[in-house]
Amino acid sequence: MIHLIWNNIARRKNQSILTIAITALTVFTFVLIFGVFVTTRQGLNKSSERLGADAIIVPTGADIDGYSLLFTSNPESVYMDIGIMDEVKKLDGVAEVSPQFFSQTVDGGCCDFGTSMRLVGFDPESDFILKALMNKREYDKLGENDIVLGGNFTDYVGKESRVLNKLFHVAGELYPTGTGMDDTVFMRIDRARTITEESENLDVIPEGSDSSRLISAIMVKLDEGVEPAVFANDFLFTDIDAECIATSDTVASLQEQLSNTSAVMFAVWIALLAVAVLSLVGRFSALAKDRKKETGLMRAIGVQKKTVFGLILGEACTMALIGGAIGSIAACLVLNPVMSHIQETFKLPPSVWSPEMTVLAGVLGVVLAVVICFAAALRPAAESASLEPQAAITQGEVN
Amino acid sequence: MICELKKIEKKYNKGEEVIPLRDINLEAQSGDFIVIEGPSGTGKSTLLYVIGSLLKSDAGDLIINGRNTAELSEAELTDMRAREIGFVFQDSNMIQALTLKENLEFAERTGKGRKGYESKAEEYLRKLGLDDRADYLPYQLSGGQKRRAMVARALINSPKLILADEPTNDLDEKWAQKVIDLLKDECRKGAAVIMVTHNDKWLDDATKKYSLSDGILKSI
């Protein structure tokens, strides 16, 4: 039977190529959409897990939203007095706080990174975010002239680098997070304030203010069980002159947007799947009709009904395996550039789409192909098997 | 007795009732070479389909090798066709995705199972002058070559009952005679052949001769 199945596929090339092409195309779109869906979803979840802070306190009126704070590295120069941190510490549900000072490098020869980037001063003693993300480090205590680079900078540790025209030693490197942190330069908060104030090219410190008391954000870790959204809402009713952004809200909002996009993509794929299934039903019905006389012959010379049924299903499933494999391999080849583009666009961690995921998507694609071909061939196979031999021979087309 | 038909009747209802077979009685014993002649459209093929259990009769009994086919299940009838009956169809009919030799081997495997025998495909191809066409696909064969191939396929399992529907169609005189000789050889080996033809040339070779007209089978 296997021999006949294979010869039916190999020696009726035109029919087989058409069926395999429909299957391959369906699987290709499935694997691609599956990849995009999984990557964006898991990427966001991973980013959310790696954020570390449950809430971020920023100055009142700062033109800054959660998305740009978390997911982009656009330099932000907004400030408030460090005294606010003491007030935040006293709020119910707050477990830890750590201040950050935002500044920026400047384009054009001022630094070794070639573009304007976010410069963040942090307090190594109270910090609970960078500590958890440290990939490589060359220090026990971060020094005056040490900097730590975000995850998009690799192989800088141990080297010297200029930031705002000052020479620094790259003492550490973070894991990629999929957030704006990946393109950020970190240094001690006091040093960040000093070089920002001393820089001739930057004019971001408000005139008349004491730069040594300025901070841009307070990263807040909440007690276990405290909902960030509830905390952010309660914060509105305090007297503290600042705003609270619940990071989970921002991630949730982005996830919702992506869910909507995914739903549209899924709907398009379902429509494609329906078209493919209908085409395949048509293909297998035509196949069964074309071979009516042959089916009658087989039944006449003693081939059992179940064997005829198995032959058509076997042929459908073999073509599905071939089409599924072609579609899966093609999609997996295209996936990497597509994923890179998506990761770039959404700032997702690069580790999300792994070789294991590629294999999983490929296997799922092949399984899907077999399932749809099996479903599409079931009825034509049953009809062929139940044909009366004489009727099949006399009604079948003359070969 | 290899095959016995008792009062077989077959009706079709194609707008008006057509009765191609009426009260047919026929016996085929080992060694019989039965020729049924008659003009086209008189029900000769229908009779062979009924004898081969490819078409159910509306009345009467068909007994093959002592078993009444009405009492056999669909699977048993199929199995009986594979092991005990060889068909030569009127129209050329082969599995298009298999070569000539593979077509014979497929029929052989269906009748004898997978293992435990030596294939006779090459022997029959040689007997019917098709050994140089063994690897050809059906569409690459002429009408006469296909006809000879169908004869080879019908004989390859050495069936007890051979049903041949115009087996000499498309054949030149030499090959037509060769096919008849092969069928007679099978009779000598103990098979029964029932051949229908519109050509009365082969009546002389028959051990029993019949004509079929208006659904009635008459001995001649």
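Of the conditions (1) in contact with a helix residue (DSSP H, G or I) (Cβ under 6 Å, 6 or more places away or on another chain); (2) open to solvent by 40 Å² or more (accessible area, probe 1.4 Å); (3) under 22 Å from A:Val27 (Cα atoms), A:Leu280 fails just one. Which one is it?
Among (1) in contact with a helix residue (DSSP H, G or I) (Cβ under 6 Å, 6 or more places away or on another chain); (2) open to solvent by 40 Å² or more (accessible area, probe 1.4 Å); (3) under 22 Å from A:Val27 (Cα atoms), the lone unmet condition for A:Leu280 is (2).
Tell me the residue from B:Gly66, B:Gly52, B:Gly41, B:Gly31 that is closer than 15 Å to B:Ile85 by Cα and exposed (fewer than 14 other Cβ atoms within 10 Å of the Cβ), please.
B:Gly66
Go through region A:203-241 and give me each residue that's open to solvent by less than 60 Å² (accessible area, probe 1.4 Å) and closer than 23 Å to A:Arg188 by Cβ.
Within region A:203-241, A:Val204, A:Ile205, A:Ser209, A:Ser211, A:Leu214, A:Ile215, A:Ser216, A:Ala217, A:Ile218, A:Met219, A:Val220 meet the criteria.
Given B:Ile63, B:Ile51, B:Ile85, which one is of a type outside the set (S, T, N, Q) and farther than 23 Å from B:Thr168 by Cβ?
Answer to the check: B:Ile63.
Would a scan of region B:152-169 turn up a residue that is part of a helix (DSSP H, G or I), modelled with pLDDT under 95 and open to solvent by 20 Å² or more (accessible area, probe 1.4 Å)?
The answer is no, given that none of the residues of region B:152-169 is part of a helix (DSSP H, G or I), modelled with pLDDT under 95 and open to solvent by 20 Å² or more (accessible area, probe 1.4 Å).
Looking only at helices (runs of 4 or more DSSP H) that lie completely in region B:32-143, which have at least 1 residues being farther than 27 Å from A:Asn8 by Cβ and more than 8 Å from every other protein chain (Cβ to nearest Cβ)?
Because the criterion is at least 1 residues that are farther than 27 Å from A:Asn8 by Cβ and more than 8 Å from every other protein chain (Cβ to nearest Cβ), the helices (runs of 4 or more DSSP H) in region B:32-143 that meet it are B:44-51, B:74-84, B:121-127.
Right, A:Ala316: hydrophobic (A, V, I, L, M, F, W, C), in contact (Cβ under 8 Å) with a residue 12 or more places away in the chain, closer than 30 Å to A:Leu32 by Cβ and buried (at least 20 other Cβ atoms within 10 Å of the Cβ) or not?
When the stated conditions are applied, A:Ala316 passes them.
Is one or more of the residues making up region A:294-305 assigned by TED's automatic domain parsing to the domain that holds A:Ala377, in contact (Cβ under 8 Å) with a residue 12 or more places away in the chain and open to solvent by 20 Å² or more (accessible area, probe 1.4 Å)?
yes
Checking A:Ala381 against (1) at pLDDT 90 or above; (2) more than 30 Å from B:Ala164 (Cα to Cα); (3) among the hydrophobic types (A, V, I, L, M, F, W, C), which single condition isn't satisfied?
Among (1) at pLDDT 90 or above; (2) more than 30 Å from B:Ala164 (Cα to Cα); (3) among the hydrophobic types (A, V, I, L, M, F, W, C), A:Ala381 violates only (2).
Here is a check on your reading of the model: is A:Ala274 surrounded by fewer than 22 Cβ atoms within 10 Å (Cβ to Cβ) and either on the phi < 0 side of the Ramachandran plot or touching a strand residue (DSSP E or B) at 6+ places or on another chain (Cβ under 7 Å) (or both)?
When the stated conditions are applied, A:Ala274 passes them.
Scanning region B:118-151 for residues that are hydroxyl-bearing (Ser, Thr, Tyr) and within 28 Å of B:Ile36 (Cβ to Cβ), which turns out surrounded by the fewest Cβ atoms within 10 Å (Cβ to Cβ)?
B:Ser142
Among the residues in region A:253-263, are any open to solvent by 50 Å² or more (accessible area, probe 1.4 Å) and at pLDDT 85 or above?
We begin by selecting, within region A:253-263, every residue open to solvent by 50 Å² or more (accessible area, probe 1.4 Å); these are A:253, A:256-257, A:260-261, A:263.
Still in the running and at pLDDT 85 or above: none.
No - not one qualifying residue is present in region A:253-263.
Would you please list the contacts, defined by Cβ atoms under 7 Å and residues six or more apart or on different chains, that run from a residue in region B:67-87 that is within 18 Å of B:Ala191 (Cα to Cα) to a residue that is open to solvent by 30 Å² or more (accessible area, probe 1.4 Å) and part of a helix (DSSP H, G or I)?
B:Ala82/B:Thr110
For region B:170-220, what are the residues that are in a helix (DSSP H, G or I), of a type in the set (A, V, I, L, M) and within 18 Å of B:Lys44 (Cβ to Cβ)?
If we filter region B:170-220 for residues that are in a helix (DSSP H, G or I), which is where we start, we get B:173-188, B:200-205.
Applying the additional criterion that residues be of a type in the set (A, V, I, L, M) yields B:176, B:179-180, B:182-183, B:203.
Residues satisfying the conditions are B:Ala176, B:Val179, B:Ile180, B:Leu183, B:Leu203.
The values are calculated or read from the model by the stated rules, or taken from the named source; none is laboratory data. This structure is a prediction, so every number in the text was calculated from the model and none was measured. Ideal geometry is used to build each Cβ from the backbone, glycine not excepted, and the neighbour counts take in all protein chains shown. Keep in mind that these areas ignore ligands, DNA and RNA; they rest on the heavy atoms of the full protein, side chains included. Shrake-Rupley method; radii C 1.70, N 1.55, O 1.52, S 1.80 Å.
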